[in-house]
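Each reported figure results from applying straightforward, stated rules to the coordinates on display, with no laboratory input. Bear in mind the structure is a predicted one, so any value in this text is a computation, not a measurement. Using ideal geometry, Cβ is built from the backbone for each residue, glycine included, and neighbour counts are taken over all protein chains shown.
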2 protein chains.
Amino acid sequence: MNTQDVANDLVTLCKQGKFAEAGEKYWADDVVSVEAGAPGGGDPVSRGKDAARGKGEWWEANHEVHGVEVEGPYVNGDKFVVRFKMDMTPKESGQRVTMDETGLYTIRDGKIAEERFFYGG
Amino acid sequence: MNTQDVANDLVTLCKQGKFAEAGEKYWADDVVSVEAGAPGGGDPVSRGKDAARGKGEWWEANHEVHGVEVEGPYVNGDKFVVRFKMDMTPKESGQRVTMDETGLYTIRDGKIAEERFFYGG
């Protein structure tokens, strides 16, 4: 699969809310997942499929998602961008918010070698 | 200036329509500027400030811009993302369109080391 194929399928899965499945299917074993920041000054970089999966599970356990809009993918070379608008409530605060997120994916051998997330909106 | 400072100032200039000024101020001498594609199978990669400037001048000469919305910046590490929605008419086609573009900037020593553009919307 080339970058466009991976991008299209990943976005299709995300539009169905299948974020965990998308990760399992496309994360490389040594995927690097980079957040903009981490709570309590932790490391914003997760290395490896297990760490990426763990981050996803933590996220899912701590947020209630009411709806997601997914735009993209927009491809350039071995990279593509996806935009997410997520209507959700963090369980800790209980305050419903809209999160605007851009995901930047770098593909190598048909797998996600790096994913990097940008927040704001 | 750190990445956030450069990002903020670049977005301020872009919101004022000062794209050329933003480039002059922040492109590194050896900036790499990567389009998603190039007309006629040309090279989508421009290397160096002169090439980046030339691309901007070509673009400006060949498009009439009616309005631009700029969203961002969204920072992660040494990179940031800016989203542009441009209401414009390519002079060749004469057909007014809205172009949705995401710019990904990589900053080194307070300058743009790489800029990469993703199109769609």
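Before moving on, here are some points about what is shown:
- Top-ranked residue in the stretch A:97-121 [being surrounded by fewer than 17 Cβ atoms within 10 Å (Cβ to Cβ) and touching a Pro at 6+ places or on another chain (Cβ under 9 Å); ranked as nearest to the other protein chains (Cβ to nearest Cβ)]: A:120
- When each of B:20, B:36 is tested for being in contact (Cβ under 8 Å) with a residue 40 or more places away in the chain, within 13 Å of chain A (Cβ to nearest Cβ) and either farther than 17 Å from residue B:110 by Cα or not in a strand (DSSP E or B) (or both), the lone residue that passes is B:36.
- Single match in B:45, B:75 (criterion: within 14 Å of chain A (Cβ to nearest Cβ), more than 18 Å from residue B:18 (Cβ to Cβ), surrounded by fewer than 16 Cβ atoms within 10 Å (Cβ to Cβ) and touching a residue at least 12 places away in the same chain (Cβ under 8 Å)): B:45
- Taking the criterion of being at negative phi and either of a type in the set (S, T, N, Q) or facing chain A (nearest Cβ under 8 Å) (or both), the only residue of the stretch B:63-72 that qualifies is B:71.
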